[in-house]
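The values are calculated or read from the model by the stated rules, or taken from the named source; none is laboratory data. Quick caveat, the model's predicted, so the values are computed rather than measured. Don't worry about glycine lacking a Cβ; one is built from the backbone with ideal geometry, like all the others, and counts go over all protein chains shown. With ligands, DNA and RNA removed, areas are computed over all heavy atoms of the protein, side chains included. Shrake-Rupley method; radii C 1.70, N 1.55, O 1.52, S 1.80 Å.
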Amino acid sequence: MAAHQEKKFSEERNCKSTQNGTPTSQVQWGRAWEVDWFSLASVLFLLMFAPLIVYYFIMSCDQYQCSLVDPLVDLLMGNKYLSDIWNKTPMLTYRAAGIYTFWVAFQVVLYLFIPDFCHKFIPGYVGGVQEGAVTPAGVVNKYQINGLQAWIITHVLWFANAYYFHWFSPTIIFDNWIPLLWCANILGYAVSTFAMIKGYFFPTNAADCKFTGNFFYDYMMGIEFNPRIGKWFDFKLFFNGRPGIVAWTLINLSYAAKQQELYGQVTNSMILVNVLQGIYVLDFFWNEAWYLKTIDICHDHFGWYLGWGDCVWLPYLYTLQGLYLVYHPVHLGTASTTGILMLGLVGYYIFRVTNHQKDLFRRTNGNCKIWGKKPEYIECSYMSADGTKYYSKLMTSGFWGWARHFNYTGDLMGSLAYCLACGFEHILPYFYIVYMTILLTHRCFRDEHRCFSKYGKDWKRYTAAVPYRLIPGIF
């Protein structure tokens, strides 16, 4: 879905290339101008069923011990009616509304009013005011990069409460999980609707808006490229990075606290999920400035896809492993624990180093060393919409010589590790790896279609040099 929601942090729009310092033509920017029947059908399907999918997964855990099959069996056999399941679902409460309102407001304060200080004393961290990519209208937006700082402050306060202040129970998120779902939906729909109205009547930059004439497509995929309020509140950066991703690790900590409360201990599988997913979240905030170059900022418009997806899809479906382990605590043997940990760490290493190689290659225009030697690459050219010819380099060294999207391979290895920590009793925790596999495979084809349109015969030379997409020797 959105944020990270397609785990999208790893994709960039320039097809693993360097360019000669001149921005690409506008035909490479943004979402579609025209809507075909398949795109419209996909949009309608997601608008209708994505919220139901989230509800079904969470309800299955709450009422059926995380079984995805038993609710359907009950309904088909006539043992229960939809009204029976709905009537047992916790509704919105004032307590949940207060918790969620405070949470979002707190993240807004951290985002807008506390300038980043981490970059002043943490070596290698890039924070503070940073410039984004050039928009289709030629605007270069500035961003206040302070996500790592917001994450640290939030978690310091969380642990201070848990061990000293005791203002609230560490299980507060789990205990209000379904009422909080309604709050997240309200915010997701509210911000998506506001973004659409804003795009029509008071856009931040009218030249960065796209209208297809189809209400549903525009609502889902967005009209404005970079909707903003004031100088610093950027909708895309805030909702992609906060509040959902900051909450990700807090949600997992709440699950661990619930395990401790129910069973008197936290299982090693729960610790694995917390550690591996925590590494991913911290990686995102450590590289938040790099995130300004990803598809979310450089390509996507802001609509329901990002607005609702970041508020609902990401925090509720990306944390299913921890939720499952509350209902089904899994005790892993030493060999299994070690194997899963190594799979997750190796996957993260591949994900991070592959992206670092690409970033280094682009920043230096190929004048660098990859694995101790000068990188190999293919010279490419393309024509902009105005007929100007530009040149690029497509790297064929390092991990990029192994497969054209090897960063996705590392991402999938990490995703699989999260799921394996939950054992094999139920399929629910494996939704994540199935979803990510479909998503990233689709992204491979979408990326390559764009790159082939851009580079033509040069792209064919590149794919001949690097024949595999994800798994060397297989696919």
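Rounded to the nearest 20, the size of the Cβ-charge dipole of the chain about its Cα centre is 1400 debye, with Lys and Arg at +1 and Asp and Glu at -1.
Set the bar at 23 Å for Cα to Cα. Now go through Lys231/Lys293; Lys373/Lys454; Lys142/Lys198; Lys369/Lys457 and name every pair that lies beyond it. Before the final figure, lay out each step's value.
Details: Lys231/Lys293 20 Å; Lys373/Lys454 29 Å; Lys142/Lys198 20 Å; Lys369/Lys457 27 Å.
Over 23 Å Cα-Cα: Lys373/Lys454; Lys369/Lys457.
Heavy-atom accessible area per residue, the chain, 1.4 Å probe: how many Å²?
On the way: 20200 Å² over 475 residues.
Value returned for the chain: 43 Å² of accessible area per residue.
Couplings for the stretch 203-208, taken from phi via the Karplus curve 6.51 cos²θ - 1.76 cosθ + 1.60 with θ = phi - 60°, read x, 5, 8, 4, 6, 9 Hz in order; Gly and Pro are left as x.
Sparse packing (at most 12 other Cβ atoms within 10 Å of the Cβ) combined with a DSSP loop state is found for the following trypsin sites (Lys or Arg not before Pro) in the stretch 78-123: Lys88.
Considering every Cα-Cα pair within the stretch 37-331, what fraction, in whole percent, is farther apart than 27 Å?
On the way: 20102 of 43365 pairs.
Looking at the stretch 37-331, the distances longer than 27 Å represent 46 percent of pairs.
Looking at the stretch 341-386, which chymotrypsin sites (Phe, Trp or Tyr not before Pro) are DSSP coil and have at most 13 other C-beta atoms within 10 Å of their C-beta? Counting only loop positions with at most 13 other Cβ atoms within 10 Å, the chymotrypsin sites (Phe, Trp or Tyr not before Pro) in the stretch 341-386 are Trp371. Our note on the geometry: Cα centres of the stretch 416-451 and the stretch 94-120, 31 Å apart. Proximity of backbone amide H atoms, modeled 1.01 Å from N, is registered between Tyr377 and Thr396 at under 5 Å, excluding neighbours fewer than 5 places apart on the same chain.
Grouping the Cα pair distances of the stretch 342-393 into 5 Å bins from zero gives a pair-distance distribution of 5, 16, 19, 17, 14, 13, 8, 4, 2, 1, 0 percent in increasing distance order.
Using the Kyte-Doolittle scale, find the helices of the chain whose mean hydropathy is at least 1.0 and whose Cα atoms extend 15 Å or more along the helix's long axis, counting only whole DSSP H runs. Please report the intermediate quantities before stating the final value.
Numbers: long enough: 37-64 (38 Å, 1.49); 94-113 (27 Å, 1.23); 147-160 (20 Å, 1.26); 177-201 (36 Å, 1.15); 244-263 (28 Å, 0.34); 268-286 (26 Å, 1.22); 334-363 (43 Å, 0.11); 406-420 (21 Å, 0.57); 431-455 (35 Å, -0.03).
Helices meeting the criterion: 37-64, 94-113, 147-160, 177-201, 268-286.
Considering the options Ala206, Pro179, Trp286, tell which one lies farthest towards the positive end of the dipole of the stretch 169-298, charges being +1 on Lys and Arg and -1 on Asp and Glu at the Cβ, about the Cα centre. About the Cα centre, the residue reaching furthest to the positive side is Ala206.
Since only Ser397, Asn365, Cys422 are under comparison, the one whose Cα sits farthest along the positive direction of the charge dipole of the stretch 351-474, derived from C-beta charges on Lys, Arg, Asp and Glu, is Asn365. Size of the stretch 43-115 from its Cα atoms: along the principal axes, largest to smallest, the extents are 57, 32, 19 Å. Based on DSSP H segments of at least four residues, each scored -39500 (n - 2.57), the chain has a per-residue ellipticity at 222 nm of -17500 deg cm²/dmol.
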